[in-house]
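One structure below.
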Amino acid sequence: MDITVKATAKLNLALDILGKRDDGYHELETVMAMVDLADYLDFSLRLDGNIKLESSSNAVPEDGRNLIVKAGLLLQRRFQVTKGATIKLDKKIPISAGMAGGSSDAAATLHGLNQLWELNLSLDELAEIGAEIGSDVSFCVYGGVAMCNGRGEKITPLPSLPPCWVVLAKPAISVSTRDVFSHLEVNDIQHQHSEKMLAAISSGDYYQMVEALGNDLEDYSLEKYAEISYLKKQFEAFGADAVLMSGTGPTVFAIVKTEKKAKRLYNSVSGFCKNVHMVRFLKPQFE
Ligand code: C5P
């Protein structure tokens with residue numbers, strides 16, 4: 001029997017870099033939230049022990065470089081699984097976009113194979129395994145809205161966001177996560193976006209939330225990539241309440257309160273950018 005799992009995209013509403021660690025990673029504090037833009041993964045059992053990935057997009061590798069295959073191999077090794085799987089990926093989340101598409105696919109794979117191979121692993125166990133695959137995978141295992149610390153893998157669930165609409169757009173450039181992090185001047189940064197965002201989410205106040213949006217990684221990318229700063233300025237000019245780059249970019253998202261405004265933004269930005277989506281934040285599953 002086939003199992004289908006939805007892998008949703010995330011946005012960073014607040015991202016603070018707290019410092020550089022000895023292991024080369026950065027210590028983060030970030031508020032992440034899932035939106036209703038998703039890839040779909042279909043899992044079917046193979047008895048030959050192989051993990052075979054078939055992707056709808058030829059822009060993602062189908063071999064061991066893909067986090068889906070990495071997640072499958074890790075589960076097989078860890079739990080001496082002799083069964084395999086054919087995994088069909090229907091790719092909708094823009095690639096190398098700052099929306100954790102690859103990490104979310106890996107998290108969906110952990111969920112899917114946990115069922116397919118009857119491993120009976122808990123959510124916390126899946127999240128712990130996810131952290132070995134990538135910094136964002138643990139959050140993607142839980143979904144919803146969360147404060148994330150450490151490399152991003154220590155998760156504190158948060159309640160729903162105030163009702164609003166999101167228009168996100170990915171300029172036609174690719175940004176390397178490693179490159180963005182390596183250009184950070186950690187000592188210059190003293191922002192506290194996540195704390196403010198936490199207060200805003202706790203109070204459920206839309207205007208406080210849009211005020212609190214902030215990303216320490218944005219300044220470098222705005223300076224380096226004209227496409228990102230242009231997109232941000234256009235969203236502002238078309239009447240967004242707040243605009244921010246997500247994660248390491250290049251995706252930029254705008255928040256507005258009404259569907260009507262969101263449609264206006266969507267239509268305006270679609271005039272010059274091909275990859276535009278009008279979405280909503282997803283409710284946490286465990287509220
Ligand atoms: O964990 P992940 O493989 O997704 O991270 C990709 C790269 O991003 C890392 O190799 C590192 O250069 C950078 N990174 C970082 N600090 C983090 C997360 C990622 O420096 N907290």
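A short reminder: the numbers here are calculations on the coordinates, not readings from a lab. Bear in mind the structure is a predicted one, so any value in this text is a computation, not a measurement. All Cβ positions, even for glycine, are placed from backbone atoms using ideal geometry, and neighbour counts span all protein chains on display.
List the residues of the stretch 78-99 whose backbone N lies under 12 Å from a point placed 7 Å from the Cα of residue 48 along the Cα-to-Cβ direction.
84-86
Using the Kirkwood radius over C-alpha pairs as Rh, can you work out the diffusion coefficient of the chain via Stokes-Einstein at 25 °C, viscosity 0.890 mPa s, in µm² per second? Numbers along the way, then the final one.
Numbers: Rh = 19.3 Å.
The Stokes-Einstein estimate is 127 µm²/s.
At a Cα cut-off below 20 Å, give the aspartates and glutamates reachable from residue 274, other chains included and same-chain residues fewer than 8 away excluded.
Of all the aspartates and glutamates, those that pass the test against residue 274 - Cα under 20 Å, at least 8 places apart if same chain - are 36, 39, 90, 227, 236.
Kindly state, to the nearest 0.05, the FRET efficiency for residue 190 paired with residue 156, given R0 = 22 Å and r defined as their beta-carbon distance. Can you show the working numbers first?
Details: r = 22 Å, r/R0 = 1.02.
Rounded to the nearest 0.05, the efficiency is 0.45.
What is the distance, in nm, between label points placed 7 Å from the Cα along the Cα-to-Cβ direction at residue 58 and at residue 36?
My value for the distance between the label points is 3.4 nm.
To test your reading of the geometry: what angle, between 0 and 90 degrees and rounded to tens, separates the Cα axis of helix 193-203 from the longest principal axis of the chain?
So the helix axis and the longest Cα principal axis differ by about 90 degrees.
In whole Hz, what ³J(HN,Hα) sequence does the stretch 65-70 give by Karplus (6.51, -1.76, 1.60; θ = phi - 60°), x for Gly and Pro?
My calculation for the stretch 65-70 gives 6, 6, 5, 5, 5, 4 Hz in order.
At what distance in angstrom do the alpha carbon centres of the stretch 31-104 and the stretch 168-204 lie from each other?
When both Cα centres are located, 26 Å separates them.
Using only the Cα atoms of the stretch 212-287, build the gyration tensor, take square roots of its eigenvalues as a ≥ b ≥ c, and label the shape rounded, prolate or oblate: rounded if a/c is under 1.5, else prolate if a/b is larger than b/c, else oblate.
Oblate, because a/c is 1.5 or more while a/b does not exceed b/c.
Explain nothing, just the number: relative contact order of the stretch 203-274, from Cα pairs under 8 Å at least 6 residues apart, as a whole percent. Present the calculation step by step, with values, prior to reporting the outcome.
Numbers: 71 pairs, mean separation 19.8, N = 72.
For the stretch 203-274, the relative contact order is 28 percent.
At 0.36 nm per residue, and after removing the present C-alpha to C-alpha distance, how many nm does the segment from residue 205 to residue 122 gain when stretched out fully?
Details: separation 83, 0.36 × 83 = 29.88 nm, distance 3.36 nm.
Full extension of this stretch gives 26.5 nm more.
For each pair in 232/261; 10/83; 52/283; 20/170; 196/261, compute the distance between the two Cα atoms and list the pairs where it is over 21 Å.
On the way: 232/261 16 Å; 10/83 31 Å; 52/283 32 Å; 20/170 28 Å; 196/261 25 Å.
The pairs that break the limit, which is 21 Å between Cα atoms, are 10/83; 52/283; 20/170; 196/261.
Considering Cα pairs under 8 angstrom that are at least six residues apart, work out the relative contact order of the chain and quote it in whole percent.
Details: 650 pairs, mean separation 65.2, N = 287.
Worked out over the chain, it gives 23 percent.
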